[in-house]
Amino acid sequence: MTKETLLMQYQSECLSALKSVANIHKPFEKAFMDTMKLFMAIPDRINFLQLGRYGCFSEQTYRNLFEHETFDWFAFNGSIISKHLTGKRKAIAIDPSYIPKSGKKTPWIGYFRSGCAGEYKRGLEIMGIGVIDIDNHECMTLGSIQTPDCKTLDNMDKNLVDWYSCYLISRKDKLQSLSRTVVADAFFSKKTFVTPMCENGFHVISRFRNDVVLYYPTLEKKTGKRGHPKWFDGRIDFANLDLTRCKEYEVNKGKLYGLRVYAKAFKRYVSLAIWYPMDGRTDKWQLYFSTDDSMDGREVLDYYRTRFQLEFL
């Protein structure tokens, strides 16, 4: 395809998604479509000054466009996603990202964790929200939201994890129309995130720390006597895993086992995938879990690894 053909196809899909969202006024539609074209055409930094320089409208027109708070970006992106992600298994992937920013007047500027630098740095943070297609190993962005700084969070009487979960729950109608499964990295494997998400109809897939406290499910049966059988058996020692309780899966590198376990931190059963590296490697096992304890170990690993597609966007 030529560049012109690709651009026409891109504009056609954007226009179709735009009209599917709501009844849009013609002036808004023209400015919006011109903005979509400029995002593809401008090779360097994109800001309102650049849009006014290269576009068909003034800088103030583009500023007014992005202040249109009633526009539903989730619905717009969701319309495009529904056409292109064709796999049966989908999930919502989230990933906070640090953005360097200087100055003192920018709203919510503060210190945030930079994964690349391995330290907290001054700037901004956005939480990217995408939809991952597990069957085709693809991902498309659904939206993003800026993270408040520490002072703002204190005024809300929330910490960072509380804010993440509250925001996702506030958009649950849109999110759950696409998938009820949320995939996140190990930072989110906390009770304060997992419990409210599960209480609102989500399932969470994430990764445990290697020193997590997990227990084998009990093998005791009900006897008909008073009292409930014990909920779980002994603590799991991952250096000496009881293979009789696990299901082994074939993988290209290392060994993968799956089983249902009791997570003390969550006070609930989860489906666990345990991956051991190949012989000769010194790194330890890796533990992936899903709060949907009916999932098998391979599926848990597939969901988690597909999450990395979000980081390429």
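The values are calculated or read from the model by the stated rules, or taken from the named source; none is laboratory data. It should be emphasised that the depicted structure is a prediction, and the values quoted were computed from it without experimental measurement. FYI the Cβ positions are ideal-geometry reconstructions off the backbone, even for glycines, and counts take in every protein chain you see. Note: areas computed on protein heavy atoms with side chains; ligands, DNA, RNA excluded. Shrake-Rupley method; radii C 1.70, N 1.55, O 1.52, S 1.80 Å.
How far, in nm, would the chain grow between Leu15 and Met33 when pulled straight, counting 0.36 nm per residue and subtracting the alpha carbon separation?
5.8 nm
Nearest 20 debye, what's the magnitude of the dipole of the stretch 160-290 about its Cα centre given +1 on Lys and Arg Cβ and -1 on Asp and Glu Cβ?
For this selection, approximately 520 debye.
Once you charge only the Cβ atoms, +1 for Lys and Arg and -1 for Asp and Glu, what is the size of the charge dipole of the stretch 36-177 about its Cα centre, to the nearest 20 debye?
Here the size comes out at about 220 debye.
Between Glu4 and Met278, how high is the FRET efficiency from 1/(1 + (r/R0)^6) when r is the Cβ-Cβ distance and R₀ = 51 Å? Nearest 0.05.
After rounding, the FRET efficiency stands at 0.55.
Heavy atoms only, probe 1.4 Å: what % of the accessible area of the stretch 59-173 goes to carbon and sulfur, would you let me know?
Of the solvent-accessible surface of the stretch 59-173, carbon and sulfur hold 50 percent.
Per-residue ellipticity at 222 nm for the chain, helices alone: DSSP H runs ≥ 4 residues times -39500 (n - 2.57), over residue total, nearest 500 deg cm²/dmol?
-10000 deg cm²/dmol
Compare the peptides 288-300, 207-219 by average per-residue count of other Cβ atoms within 10 angstrom and give them in order, highest first.
In decreasing order of mean packing, 288-300, 207-219 become 288-300, 207-219.
Percent of Cα-Cα pairs more than 20 Å apart in the stretch 212-313, please.
45
Suppose the Debye formula is applied to equal point scatterers at every Cα of the chain; what is log10 I(q)/I(0) at q = 0.08, 0.12, 0.14 Å⁻¹?
Reported log10 I(q)/I(0), two decimals: -0.47, -0.96, -1.20.
Could you calculate the FRET efficiency of Asn23 with Cys150 from 1/(1 + (r/R0)^6), where r is the beta carbon distance between them and R0 is 35 Å, rounded to 0.05?
E between Asn23 and Cys150, to the nearest 0.05, is 0.30.
Quick one: if you stick a label point 7 Å off each Cα along the C-beta vector at Leu243 and Lys83, how many nm between them?
It works out to 5.1 nm between the two label points.
Could you pull out every one of the lysines with an alpha carbon less than 24 Å from that of Lys267, ignoring same-chain neighbours closer than 8 positions?
The qualifying lysines are Lys158, Lys172, Lys190, Lys191, Lys221, Lys222, Lys230, Lys247.
Just want to confirm a number: the relative contact order over the chain, from Cα pairs under 8 angstrom separated by 6+ residues, in percent.
13
For the stretch 32-143, with every protein chain kept in place, what is the accessible area per residue (1.4 Å probe, Å²)?
Counting only protein heavy atoms, the per-residue value for the stretch 32-143 is 58 Å².
Any chance you could check the Cα centroid distance between the stretch 247-301 and the stretch 11-62 for me, in angstrom?
46
Using a 1.4 angstrom probe, figure out how much accessible area the stretch 163-301 has per residue, in square angstrom, rounded to the nearest whole.
Solvent-accessible surface per residue comes out at 55 Å².
By Kyte-Doolittle mean hydropathy of at least 0.5 and Cα axial length of at least 20 Å, which whole DSSP H helices of the chain are selected?
none
How far apart, in nm, are two points set 7 Å out from the Cα along the Cα-to-Cβ line at Ala41 and at Phe66?
1.8
Using packing as a proxy for protection, rank 124-136, 46-58 so that the peptide with the highest average count of other Cβ atoms within 10 Å comes first.
Going by the mean number of other Cβ atoms within 10 Å, highest first, we get 124-136, 46-58.
Which whole-angstrom value gives the distance between the alpha carbon centres of the stretch 154-224 and the stretch 99-146?
When both Cα centres are located, 20 Å separates them.
What length, rounded to one decimal in nm, is gained on full extension from Ile169 through to Thr218, with 0.36 nm per residue of separation minus their alpha-carbon distance?
14.3 nm
Once a ≥ b ≥ c are taken as the square roots of the eigenvalues of the Cα gyration tensor of the stretch 1-102, is the result rounded (a/c under 1.5), prolate (a/b larger than b/c) or oblate (a/b not larger than b/c)?
Rounded, because the longest to shortest axis ratio a/c is under 1.5.
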